[in-house]
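K.L.:
This is the structure, below, for whatever I ask next.
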Amino acid sequence: MRYNRRGVALLAALITVLACSPGDEPPPSSHHLPADQRAGTPGIGDPDFPRDGNGGYDVAHYDLAVAYVPATKRLDGVAAVRARATQDLTSFNLDLTGLDVRGVAVNDVPARFSREGDELTVRPSKVLDSGTTFTVKVTYSGLPKPAKDTANLGTYGFIPTPDGAFVASEPNGSKTWFPSNDHPSDKATFNFTITVPAGVTALANGEMIGQPVTAGGRTTFRWRERHPMATYLATATIGKFDLRQGSTATGIQNLAATDPKFKGSLNELYTRSGEITDYWTTVFGPYPFSSTGGVVDDYSAGYALENQTKPLYGGFNPQETIVAHELAHQWFGNSLTIKRWKDLWLNEGFATYAEWLWSEHKGRQSAEAMFQQLHNRPESDPMWKYPPGRAKPDDLFNQSVYTRGGMTLHALRRAIGDATFFTLLKRWTAEHRYGHVTTEQFIDLAEHLSGKDLTPLFDAWLFQPRRPS
Ligand code: TRP
Ligand code: ZN
């Protein structure tokens, strides 16, 4: 007969209870943490965002079922989160802002829970042993409120619109609409079941499963993203949409969706997204996901987000440059994901450089000309004071992270030559496909492939508060 660990632990606990007179210390257990260290932490360990994400477990899958009524702005959700405990857990946290939690169950057994700020603390009825898989199901509802940032992020998260919702959550807005481990260092697969009033469309990541089902005046859409995804890239964008579906020239599923106000962009968005996705596969390596495309909604965000498989454009006709940017993120940011926010240039610098590569590919301005022009900016330009290799938490999306980040790649290309540079891009995406990356890993790979000491170059471009010479 084999004893599982829980059985052994129960037996040990029983012996302890029987053997100890009141006041005795329980004997230390060999494989369990002391009781006071068995609470999962309220942050995953990003020093710049200490309360983002949570410690003590690793999410494998989110199964999200949400119903949303645009007229009342009310959301009703059930989130089933499957995770593996990375330590013994007497309690653990999820990130959730606002909304009322009506019940929490762990492995189908009701659990106690409490709220404090953006933290939902769950106390399972039984300790979760390190290494075991569990499912926590949270039933919640309310009026989602987007996150607002005083710095440079503006409004993000779940943003109600007259006909639905615009959902773009970078960096930490997924907690405005579902309980999550809201930090990019924990990626997971996702299933979405989204119910909306009939006539309204719900668009999420990945591909649609089956056809939408309408009953009782409501339509349910099911979507599945079967590749690992960071929480900030999850979307359930809802509204009136015109759709165009098909596949790219190389056979990647392609879906474009536009709000009726932007119907004139539908064909252009569809065609460009397909053309650009295909081109990036020749530069960055195989497409990491099962579909591509894009969504234009009528919320005037003035920006776009690279939501996995479905970049979201906020209230404008997306031009080629921005489509090239968002689709480059499918490799840089979405497939290869940063472990901590200070490395954001690995997303934005690369996506910005992709804009220049697209321009070069189309025979317009070359990356070299773009680089020269930017490098000529005077010493007083704020970009030179902000080292892009360490994105600042209160100014994460600073222009330097984008522009000087892109320039860093061009400086690297000049130093190691086109052949090595483009080999490096493909090696980088291949080696870390679906994984996590840091700046140090990129520098190491660049040095390894080129056989050059690139420390001075990266130091000047990424880490010094002055214009590189
Ligand atoms: N990553 C986006 C881009 O450069 C910019 C962005 C940051 C954003 N936070 C956002 C967009 C929140 C929408 C919502 O492509
Ligand atoms: Zn970007």
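K.L.:
Among 86-93, 370-377, 343-350, how do they line up from the highest to the lowest mean number of other beta-carbon atoms within 10 Å?
P.N.:
343-350, 86-93, 370-377
K.L.:
Oh, and also: Between Thr235, Ser247, Tyr68, whose Cα lies farthest towards the positive end of the dipole of the chain when Lys and Arg beta carbons carry +1 and Asp and Glu beta carbons carry -1, centred on the Cα centre?
P.N.:
Tyr68
K.L.:
Rolling a 1.4 Å sphere over the protein heavy atoms, what is the accessible area per residue of the chain, to the nearest Å²?
P.N.:
42 Å²
K.L.:
Still on this structure: Once you've got the Cα coordinates, tell me which of Lys145/Lys392; Lys240/Lys392; Lys73/Lys137; Lys145/Lys310 are over 31 Å apart.
P.N.:
Exceeds cut-off: Lys240/Lys392.
K.L.:
Pick out, from Ala85, Ala111, Val167, the residue whose Cα sits farthest towards the positive end of the charge dipole of the chain, with +1 on the Cβ of Lys and Arg and -1 on the Cβ of Asp and Glu.
P.N.:
The listed residue farthest towards the positive side: Ala111.
K.L.:
Label-point separation (nm) for Ser290 and Thr139, each offset 7 Å from Cα along Cα-to-Cβ?
P.N.:
Going from the Ser290 label point to the Thr139 one covers 3.0 nm.
K.L.:
Which of rounded, prolate, oblate describes the chain, given a ≥ b ≥ c as roots of the alpha-carbon gyration tensor eigenvalues and a/c under 1.5 marking rounded, otherwise prolate only if a/b is larger than b/c?
P.N.:
Oblate, since a/c reaches 1.5 and b/c is not below a/b.
K.L.:
Roughly what % antiparallel, to the nearest 5, for the DSSP beta bridges in the chain?
P.N.:
So the antiparallel bridges in the chain amount to around 80 percent.
K.L.:
Nearest-5 percent of antiparallel DSSP beta bridges in the range 177-296?
P.N.:
80 percent
K.L.:
According to the square roots a ≥ b ≥ c of the eigenvalues of the Cα gyration tensor, what is the shape class of the range 278-344, taking rounded for a/c under 1.5, prolate for a/b larger than b/c otherwise, and oblate for the remainder?
P.N.:
oblate
K.L.:
Just list whichever of Lys426/Lys452; Lys339/Lys426; Lys187/Lys362; Lys187/Lys426 have alpha carbons separated by over 25 Å in the model shown.
P.N.:
Lys187/Lys362
K.L.:
Quick check: the angle from helix 345-361's long axis to the longest principal axis of the chain, C-alpha only, nearest 10 degrees?
P.N.:
It is inclined by approximately 30 degrees.
K.L.:
Let's see if you can work this out: charge +1 on each Lys and Arg Cβ, -1 on each Asp and Glu Cβ, no other charges. What is the dipole magnitude of the range 394-447 about its Cα centre, in debye to the nearest 20?
P.N.:
Charge dipole of the range 394-447: 300 debye, to the nearest 20.
K.L.:
Output the peptides 286-297, 351-362, 106-117, 208-219 sorted from most to least packed, where packing is the average of other Cβ atoms within 10 Å over each peptide's residues.
P.N.:
So the peptides 286-297, 351-362, 106-117, 208-219, ranked by packing, come out 286-297, 351-362, 106-117, 208-219.
K.L.:
If R₀ is 56 angstrom, what is the calculated FRET efficiency for the pair Arg414 and Ala249, using the beta carbon separation as r and rounding to 0.05?
P.N.:
0.95
K.L.:
Charges at C-beta only: +1 for Lys and Arg, -1 for Asp and Glu. How large is the resulting dipole of the range 338-463 about its Cα centre, in Debye rounded to 20?
P.N.:
Computed charge dipole of the range 338-463: roughly 220 debye.
K.L.:
Something else about it: 222 nm [θ] for the chain, helices only, -39500 (n - 2.57) per DSSP H run of 4+, per residue, to 500?
P.N.:
Taking each H run of at least 4 residues, the total per residue is -8000 deg cm²/dmol.
K.L.:
Does anyone have the angle between helix 266-284 and the longest principal axis of the chain? Alpha-carbon axes, 0 to 90°, nearest 10?
P.N.:
90 degrees
K.L.:
In whole angstrom, note down how far apart the Cα centers of the range 114-134 and the range 246-277 are.
P.N.:
Cα centres, the range 114-134 to the range 246-277: 42 Å.
K.L.:
Explain nothing, just the number: dipole magnitude of the chain about its Cα centre with +1 on each Lys and Arg Cβ and -1 on each Asp and Glu Cβ, in debye rounded to the nearest 20.
P.N.:
It works out to roughly 740 debye.
K.L.:
Any chance you could check the Cα centroid distance between the range 291-361 and the range 180-218 for me, in angstrom?
P.N.:
With the range 291-361 and the range 180-218 each reduced to a Cα centre, they are spaced 21 Å.
K.L.:
Please state the shape class of the range 338-463: rounded when a/c is under 1.5, otherwise prolate if a/b exceeds b/c and oblate if not, all from the C-alpha gyration tensor.
P.N.:
Taking the square roots of the gyration eigenvalues as a ≥ b ≥ c, the range 338-463 is rounded.
K.L.:
Turning to a different aspect of this structure: If one takes the longest principal axis of the Cα atoms in the chain, at what angle in degrees, from 0 to 90 and to the nearest 10, does the Cα axis of helix 439-450 lie?
P.N.:
Around 50 degrees separate the two axes.
K.L.:
Give me the percent of the accessible area of the chain that comes from carbon and sulfur atoms, probe 1.4 Å, all protein chains in place.
P.N.:
That share works out to 53 percent.
K.L.:
Order of 160-169, 318-327, 382-391 by packing, highest average Cβ count within 10 Å first?
P.N.:
My ranking of the peptides, most packed first, is 160-169, 318-327, 382-391.
The values are calculated or read from the model by the stated rules, or taken from the named source; none is laboratory data. Given the structure is predicted, the values throughout are model-derived calculations rather than measurements. A quick note on method: Cβ atoms are made from the backbone with ideal geometry, for glycine too, and the neighbour counts reach across all protein chains shown. SASA here: full protein model, heavy atoms, side chains in, ligands and nucleic acids out. Shrake-Rupley method; radii C 1.70, N 1.55, O 1.52, S 1.80 Å.
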